[in-house]
Amino acid sequence: MSVFLSVVVETILIDSHCHLDSEEFKGDLDEVLERASNAGVKGIVSVAAGDGFKSAERVLELSSRREGVFPATGLHPHDADKALDKKSLLQFCSHSDVIAVGETGLDFFRESASAEGQERWFRAHIEVALEVGKPIIVHSRNAERRCFEILREMGAEAVGGVFHCYGGDSILVRELAKLNFMVSFTGVVTFKNAKKVREVVSKVPLDQLLVETDAPYMSPEPYRGQRCESAFLVETAAKIAEIKGVSFKDCAEKMTRNTKQLFGIDLPCK
């Protein structure tokens, strides 16, 4: 496993964004969770994404049977043009086990759904989050500034949230802090060609940082090209600590504390 494993077993990590209901984990999910736990990843936020509300159903069912798995429910922006209803969204997000609303937002890279449809459903998610009092997990690919503008307009600072797999600049990070939004980074920070991402990480205050895998996607080095899983979070956390110029232990504990506070997760920091 990781060269940092001896440190990690004394330092609890939380994978703040993962898709455990993915078909890619269907055959060995128990082993995936065991490897994560052995690496010190004691909490995993399993986020619904795609497939209409079926993904939301799966993450709720999965979390009910596995300790340390916390569900977030919503509709990915790629699904925004499908016939979906806000009442069902509210029902899922109102569930007592659900810790956050999402992932939701805008994706202007793939444009799998119309910009109008994406914005309509993003606003619906924000309304639901404000109604149920839960933070928002934002997908903002090539749309960070527009997502911020909508969140600010709708008063989303009342619940806060996180921009997952953050791809924006450090200037926007400061503006997001005023809305009580964190930023989270994936294994991309370990990629050789990700200099701009590392520059942003270097400027993000530690108390605004989360770490995630986005598994089964975004495997960090040295696992790039393989299916990603939560155990690989160690590599990303280690890289962030290196960029920030702090010890792995201090960085990991701070990011874990941030995740706990944002989502109301009941796990010890160490």
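The numbers here are math on the coordinates, done by the rules we state, and not lab data. Everything numeric in this text was worked out from a predicted model, so none of it was measured. As a convention, Cβ positions derive from the backbone with ideal geometry for all residues, glycine included, and neighbour counts pool all protein chains shown.
Some observations on this one:
- Cα-based shape type of the stretch 60-196, given that a ≥ b ≥ c are square roots of the gyration tensor eigenvalues and the cut on a/c is 1.5: rounded
- In terms of other Cβ atoms within 10 Å, ILE44, ILE150, ILE126 run from fewest to most in the order ILE150, ILE126, ILE44.
- Quarter of the Cα convex hull surface for the stretch 5-263, i.e. its orientation-mean projected area (nm²): 12.2 nm²
- Overall form of the stretch 47-137 per C-alpha gyration tensor (a/c, 1.5; a/b vs b/c): prolate
- Whether the stretch 182-265 is rounded, prolate or oblate, judged on the alpha carbon gyration tensor where a/c under 1.5 counts as rounded: oblate
- Spin-label proximity, LYS249 to the stretch 196-228 - amide N less than 20 Å from point 7 Å beyond Cα toward beta carbon: 206-207
- Packing rank of 229-239, 45-55, where each peptide gets the mean count of other beta carbons within 10 Å, highest leading: 229-239, 45-55
- Residues CYS228, CYS147 in ascending order of nearby Cβ atoms (within 10 Å, fewest first): CYS228, CYS147.
- Gaussian network model of the chain, springs between alpha carbon atoms under 10 Å - residue of ARG65, ARG224, ARG141 with greatest fluctuation: ARG65
- A straight line joining the Cα centroids of the stretch 195-224 and the stretch 64-142 runs 22 Å.
- Extension gain for the segment SER114 to LEU206, taken as residue separation times 0.36 nm less the Cα-Cα distance, is 29.6 nm to one decimal.
- Estimated [θ] at 222 nm from DSSP helical runs (n ≥ 4, -39500 (n - 2.57)) normalised by residues in the chain, nearest 500: -12000 deg cm²/dmol
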